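Since the structure comes first, as structure tokens, the remarks are kept for the end.
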Amino acid sequence: MSTLTRLDPSHLPAIIALHHRVIADLPPGNAATETDQFFADHLDACGQIFGVFDDDRLMAYCVLGLPRDGDPNFGTDHHLPPDLLGQVAHIDGVAVDPKWRGQGWQRRMVEHRIEIARKCGRTIALSTVAPTNFPSLISTVSTGLAIHALIAKFGGNRFLLRRDIGPDQDAKSDRAPDTAIWCASDDLATCRKLLDDGFIGQFCQSSGRGTAPRIGWASLTSA
């Protein structure tokens, strides 16, 4: 079984090449197109990047953002107070070579970054996912990140997801309560209405290949 390893500046060309190869196959608005400088910065200055290799070929990577004071911070989208912004870790972009898809790498990469974020002293994991990026949405929600908002970002609609990862935080149950309300991830009007009514998206179930998954919403007070 291949393992995730931290990448360094020597891997930058391979990261950039895989990013553009994957982006080219996605519908517009499903993922952000990052600059070369974004990846260079996240190799050390404001984050870490991890990758998986098949021999010497990079087959997947994932970006962990550890924003510094003054760096862009997903916490501002969540309206976090300034004193909490330093606790934020970004569960940022991923790319998986098509030959390696369907093996659970997206979920494993989220879990790995949460573990590293904890070791770096961060207590709030934040991420963004397009409602129409079905595999990423299912993988991200399955690791305990819950949908707290829906906004325009990165050239399209994005769910804003959060998981508190401090040492005293318990993992959420994998079982949806009977009171959960379900809707398709691309039913944006219903998603917005539920968010406005104080619900968060805690569960996500596949509805079949090529079909929007179902999000299970629970009230914030019972989350």
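The values are calculated or read from the model by the stated rules, or taken from the named source; none is laboratory data. Please read these numbers as outputs of a predicted model, since none were measured by experiment. All Cβ positions, even for glycine, are placed from backbone atoms using ideal geometry, and neighbour counts span all protein chains on display. What goes into the accessible areas is simple: the full protein's heavy atoms, side chains included, and nothing from ligands, DNA or RNA. Shrake-Rupley method; radii C 1.70, N 1.55, O 1.52, S 1.80 Å.
Beta carbons closer than 6 Å, at least 6 apart along the sequence or on distinct chains, never pair a first residue in the stretch 8-28 that is modelled with pLDDT of 95 or more with a second that is buried (at least 17 other Cβ atoms within 10 Å of the Cβ) and among the acidic types (Asp, Glu).
Scanning the stretch 123-135 for residues that are surrounded by fewer than 21 Cβ atoms within 10 Å (Cβ to Cβ) and more than 19 Å from Arg68 (Cα to Cα) turns up Thr132, Pro135. Applying the selection to the stretch 81-93, what residues are modelled with pLDDT of 95 or more, surrounded by 18 or more Cβ atoms within 10 Å (Cβ to Cβ) and not in a helix (DSSP H, G or I)? Listed by number, the residues that qualify are Val88, Ala89, His90, Ile91, Asp92. Any residue that is open to solvent by 40 Å² or more (accessible area, probe 1.4 Å), assigned to a helix (DSSP H, G or I) and touching a Pro at 6+ places or on another chain (Cβ under 9 Å) - is there at least one of those in the stretch 105-119? So far as the stretch 105-119 goes, yes, one or more of its residues are open to solvent by 40 Å² or more (accessible area, probe 1.4 Å), assigned to a helix (DSSP H, G or I) and touching a Pro at 6+ places or on another chain (Cβ under 9 Å). Any residue at all in the stretch 54-72 that's within 17 Å of Val129 (Cα to Cα) and charged (D, E, K, R)? The answer is no, given that none of the residues of the stretch 54-72 is within 17 Å of Val129 (Cα to Cα) and charged (D, E, K, R).
For the stretch 47-68, which residues satisfy the criterion of being in a loop (DSSP other than H, G, I, E, B) and touching a Leu at 6+ places or on another chain (Cβ under 8 Å)? Show your work before the answer.
If we filter the stretch 47-68 for residues that are in a loop (DSSP other than H, G, I, E, B), which is where we start, we get 55-56, 66-68.
The answer is Pro67, and nothing else.
Among the residues of the stretch 24-46, write down those that are touching a strand residue (DSSP E or B) at 6+ places or on another chain (Cβ under 8 Å), open to solvent by 30 Å² or more (accessible area, probe 1.4 Å) and assigned to a loop (DSSP other than H, G, I, E, B). Result: Pro28, Ala31, Glu34. Restricting attention to the stretch 154-185, the residues being farther than 20 Å from Thr76 by Cβ, charged (D, E, K, R) and surrounded by fewer than 16 Cβ atoms within 10 Å (Cβ to Cβ) number 5.
Listed here are the residues, each with its yes/no results for (1) under 25 Å from Leu84 (Cβ atoms); (2) surrounded by fewer than 17 Cβ atoms within 10 Å (Cβ to Cβ).
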| residue | (1), (2) |
| --- | --- |
| Gly121 | yes, yes |
| Ile138 | no, no |
| Gly144 | yes, no |
| Ala152 | yes, yes |
| Asp187 | no, yes |
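For the stretch 58-67, the criterion of a residue being open to solvent by 50 Å² or more (accessible area, probe 1.4 Å), touching a helix residue (DSSP H, G or I) at 6+ places or on another chain (Cβ under 9 Å) and either at pLDDT 95 or above or over 23 Å from Thr123 (Cβ atoms) (or both) is satisfied by no position. Filtering the stretch 69-80 to residues that are part of a helix (DSSP H, G or I) and open to solvent by 10 Å² or more (accessible area, probe 1.4 Å) leaves Phe74, Thr76.
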